[in-house]
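The values are calculated or read from the model by the stated rules, or taken from the named source; none is laboratory data. Bear in mind the structure is a predicted one, so any value in this text is a computation, not a measurement. Note: ideal-geometry Cβ built from the backbone for every residue, glycine included; neighbour counts use all protein chains shown. Heavy atoms of the whole protein, side chains included, go into the accessibility calculation; ligands, DNA and RNA do not. Shrake-Rupley method; radii C 1.70, N 1.55, O 1.52, S 1.80 Å.
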Amino acid sequence: MDLEQAVNSRAESHNRTIKLVEILESCELCPRRCRVNRLRGEKGYCRSGSELVISSHGPHFGEEPELVGSHGSGTVFMTNCNLQCVYCQNYEISQLGYGSEVSNARAVDIMLGLQETGCHNINLVTPTHFAPQLVQAITAAKRLGLKIPIIWNCGGYENVDVIKLLEGFVDVYMPDMKYSETRPAERYSNAPDYFERSKEAVLEMQRQVGDLKVDGRGVAYRGLLIRHLVLPNDLAGSEKILEFISEEVSKDCYVNIMAQYRPCGRASEYEELSRRPTRDEYSRVVEVSRKLGLYRGLQEVHAYS
Ligand code: SF4
């Protein structure tokens, strides 16, 4: 990149950061479009204001091997959530508000500290509702020497126009694709339009960063990684999601079919959600993925334990 391109790119990033911050005045960061003025302390569905709220941070070794490498993924868990699934395994963080407000400057310190400890990336968990604050922190951290990739580890219920504004700030997008059917998306996450919004967002993510790329150590540095959690009784509508990925995203897309669903949060209030998926239910989803030509990230059935 020559000097003129570098100046233009910096100006472009600056403009996009300003646009993101302005959205907080009438919040449309996610498809709920609450239109509350978060800069004046009003709160919408996600109960988040103008300040970042973080519940924890540190090296994490339970993510995909391409993120964990030898020194861990540098996770930063955001408090609150724009989805609030009834079965959330982080219910206290996503829905009960466990966490502390931090300044953007403190977020910068956290990111640089994770890099200092050897983490391979900054893994922003549930970042959607804090996109403007995080982009500001990422920009400042990069000026102070942050070099490791930024991972956008989101729930997939995204405003595609906001994802467009994130171009250049994010290296690896890691969205969930949770549901393909309206009824479960509405019943368990209050988001009947989940599949439409997640498809739009994933296509934009793929346009920006392409298939997942790894370096010589096998550590991811750019690209798209989709997570799909298998729910009992096929409540996720897995096949339609996998068809979309195979046919409209890429057959080389990295897809982690996750087996770890357990009834957490308020799941026990819903009989159909109150058990784990069986081994057969899990292996069927993996088999469908293979039949559709997907192969990257697929775990063997022994992942079910
Ligand atoms: S980020 Fe929060 S306040 Fe903004 S539209 Fe989404 S749920 Fe509403």
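Observations on the structure shown:
- Cα pair distances of the stretch 72-155 binned at 5 Å [whole percent]: 3, 16, 26, 25, 17, 10, 4, 1
- Amide hydrogen proximity for Leu294: with H placed 1.01 Å from N in the peptide plane, no residue at 5 or more positions away or on another chain lies under 5 Å.
- Each distinct pair of alpha carbons in the stretch 150-203 adds a 1/r term; the inverse of their mean, the Kirkwood radius, is 11.4 Å.
- Shape analysis of the stretch 1-142 yields a ratio of the Cα radius of gyration to the Kirkwood radius, Rg/Rh, of 1.00.
- Net dipole in debye of the chain [+1 Lys, Arg Cβ; -1 Asp, Glu Cβ; about Cα centre; nearest 20]: 360
- Largest-first ordering by accessible area, 1.4 Å probe, given options Tyr188, Tyr221: Tyr221, Tyr188
- Carbon + sulfur, % of accessible area of the stretch 130-227 - ligands and nucleic acids excluded, 1.4 Å: 48
- Label point distance in nm, Asn190-Lys142, each placed 7 Å from Cα along Cα→Cβ: 3.4
- Debye intensity ratio I(q)/I(0), log10, the chain, q values 0.07, 0.15, 0.16 Å⁻¹ (C-alpha model): -0.25, -1.27, -1.45
- In a DSSP loop and with at most 14 other Cβ atoms within 10 Å, the GluC sites (Glu not before Pro) in the stretch 202-305 are Glu300.
- Legend: translational diffusion of the stretch 90-221 by Stokes-Einstein, Rh = Kirkwood radius over C-alpha pairs, 20 °C, 1.002 mPa s; D = 134 µm²/s.
- Label point distance in nm, Gln299-Ser274, each placed 7 Å from Cα along Cα→Cβ: 2.6
- Sequence-distant contacts, meaning Cα pairs under 8 Å at least 6 residues apart, place the relative contact order of the chain at 14 percent.
- A 1.4 Å probe run over the stretch 128-237, with the rest of the protein chains in place, finds 33 Å² accessible per residue.
- In order along the stretch 168-175, the phi-based Karplus estimate (6.51 cos²θ - 1.76 cosθ + 1.60, θ = phi - 60°) of 3J(HN,Hα) comes to x, 8, 10, 9, 10, 8, 10, x Hz; Gly and Pro are listed as x.
- Volume of the convex hull of the stretch 173-216 (Cα atoms only), normalised per residue: 71 Å³.
- For the stretch 72-131: relative contact order, % (alpha-carbon pairs under 8 angstrom, 6 or more apart): 56
- Helix axis angle, 104-116 relative to the chain longest principal axis, alpha carbon, degrees: 70
- For the stretch 115-232, relative contact order (Cα pairs under 8 Å, six or more residues apart, normalised by length) works out to 24 percent.
- Dividing the summed helix terms, -39500 (n - 2.57) for each DSSP H run of n ≥ 4, by the number of residues in the chain produces a 222 nm estimate of -10500 deg cm²/dmol to the nearest 500.
- Angle in degrees between helix 194-209 and the longest Cα principal axis of the chain, rounded to the nearest 10: 50
- Nearest 10 degrees, 0 to 90: helix 279-291 Cα axis against the chain principal axis: 70
- Coil-residue trypsin sites (Lys or Arg not before Pro) of the stretch 200-305, DSSP, other Cβ within 10 Å capped at 11: Arg217
- Added length on full extension, which subtracts the Cα-Cα distance from 0.36 nm per residue, Ile18 to Arg207: 65.8 nm
- Checking every one of the chymotrypsin sites (Phe, Trp or Tyr not before Pro) in the stretch 94-183 against DSSP loop status and a limit of 16 other Cβ atoms within 10 Å picks out Tyr98.
- Pairs exceeding a 29 Å alpha-carbon distance, out of Lys142/Lys240; Lys142/Lys213; Lys147/Lys178: Lys142/Lys240; Lys147/Lys178.
- Based on Cα atoms of the stretch 139-180, Rg over Rh with Rh as the Kirkwood radius reads 1.06.
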